[in-house]
Amino acid sequence: MSGIERRHVRTFNLKPPDYKIKPSALTDGCIETEVRFAGLVPNIPMHLDPTNRTDILRYIDKAKKQTFLPYQVTQEHDSILSVSAYSIVIIKRDVSEPSGEKLILLVAIHEVAAVCYIREENANLLILKIGDPENNKETCTLAILCLDTKAAVEELCALIRQCFELVYTEATRRFFDEKLKQESRDDASIAHSEDSVTSKRDGPSFITGSQQDLSTSRDSPSSVNGVRRRPSNAQSESEFNGTEVIHNYMKQLHTKLTGLELRQFAILLRRWHTDLPFTEFSQKVFELYGAERKGLLAEMRPFIPEKDSPAFESFLERIGVHGNSDSSE
């Protein structure tokens, strides 16, 4: 639209191949990129693999014939894509608005199922697969964007993956924190019922403010072959901080899982909390981790409720994880 000067987009000078950025830039603000928004392709099977170039291009060609997408992407499709830890926003440029811009798409990060790069002739395509498989949806939507260079697409993909890591790492951390809090409440209740007269001592304080201290014994008989057991009063003098346990496990997940895998793990945790049987949850986590990372399962012991502990130990034995994670075969 003539007469309205385009504003500068909010960009950062990021270095390939990881295009790492400070998390605060994504949590407290956003990063913008100039794109050409081709459009949305609805009613795509949810099981579509976005890395399958042949299938993606087939759906794109079909969408062009159905007029969902243009055959030629031009300056008319100039847009701004904004990425933050909470959402992806696409704003159309050069429209009849006072600002010259108009919101055309707003997608929460948890609704982005996948993101990928596809090269088609002279076009560099960014594909967003939009839809939440957690809600058992059968179809999803593809958002098709064009960028000038392969490097520009790779940078956007890297930024979105970092958003996945931020969001789903935090969601997983909160879930594990709640599990540990629940176990500590159960332990406190059992200890109170078994011994109604106990002397006061310094710690552990079970849930006090934002701090959480849990009692256990690292070296006493309450821990055998790495299996977490409820400590007796006499065994509870050795303590560890629940926050530290969560931090250590999350650090491993952050190192060993991709952003998309973290998303899948967070979805499994939520489903376990709602309607997924524990045995099925264990199997699906094993399938996600794979045999080469099955040791991570053993390190979930502190977060498994006491009632599920026998089934979990049987499952670990069945998949060849014996004792601590470092002794798995």
Name every residue in segment 101-123 that is open to solvent by 10 Å² or more (accessible area, probe 1.4 Å) and either outside any strand (DSSP E or B) or of a type in the set (S, T, N, Q) (or both), in order of residue number.
H110, E111, E121, N122
Kindly indicate whether Y71 is out of contact with any Gly (no Cβ under 9 Å at 6 or more places or on another chain), of a type in the set (F, W, Y) and farther than 22 Å from T51 by Cβ.
yes
Taking the criterion of being at pLDDT 95 or above, of a type in the set (G, A, S) and assigned to a strand (DSSP E or B), would at least one residue in segment 37-59 satisfy it?
yes
Taking segment 76-123 as the search range and keeping residues that are under 22 Å from A171 (Cα atoms) and out of contact with any Leu (no Cβ under 9 Å at 6 or more places or on another chain), which one is modelled with the highest pLDDT?
L106
G131 meets each of (1) on the phi > 0 side of the Ramachandran plot; (2) out of contact with any Lys or Arg (no Cβ under 6 Å at 6 or more places or on another chain) with one exception, condition (2)
Considering only helices (runs of 4 or more DSSP H) wholly within segment 260-329, the ones with at least 2 residues that are open to solvent by 30 Å² or more (accessible area, probe 1.4 Å) and farther than 17 Å from Y249 by Cβ are 278-289, 309-318
Being open to solvent by less than 50 Å² (accessible area, probe 1.4 Å) and over 28 Å from N13 (Cβ atoms) narrows it down to one residue among Y71, Y59; which is it?
Y59
In segment 76-89, how many are in contact (Cβ under 8 Å) with a residue 24 or more places away in the chain and farther than 24 Å from A25 by Cα?
2
Inside segment 6-52, can you point out the residues that are within 24 Å of the chain's Cα centre (by Cα), within 18 Å of L128 (Cβ to Cβ) and open to solvent by 70 Å² or more (accessible area, probe 1.4 Å)?
H47, D49, T51
In the list K64, K92, which residue meets the criterion of being free of Cβ contacts under 8 Å to residues at least 12 places away in the same chain and among the basic types (K, R)?
K64
Determine the pairs where a residue that is over 22 Å from V89 (Cβ atoms), located within segment 111-123, has a partner that is among the basic types (K, R) and open to solvent by less than 20 Å² (accessible area, probe 1.4 Å) with Cβ atoms under 8 Å apart, the partner being 6 or more residues away or on another chain.
none
Taking segment 137-155 and keeping residues open to solvent by less than 40 Å² (accessible area, probe 1.4 Å) and out of contact with any strand residue (DSSP E or B) (no Cβ under 6 Å at 6 or more places or on another chain) leaves A152
Does E178 fit the bill of being under 20 Å from the mean Cα position of the chain (by Cα), modelled with pLDDT of 80 or more and within 28 Å of H254 (Cα to Cα)?
no
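The values are calculated or read from the model by the stated rules, or taken from the named source; none is laboratory data. Owing to the predicted nature of the structure, the values given are computational and were not obtained by experimental measurement. Virtual Cβ from ideal backbone geometry, glycine too; neighbours counted across all protein chains shown. Each accessible area value is taken on the protein alone, full model and side chains, heavy atoms only, with ligands, DNA and RNA left out. Shrake-Rupley method; radii C 1.70, N 1.55, O 1.52, S 1.80 Å.
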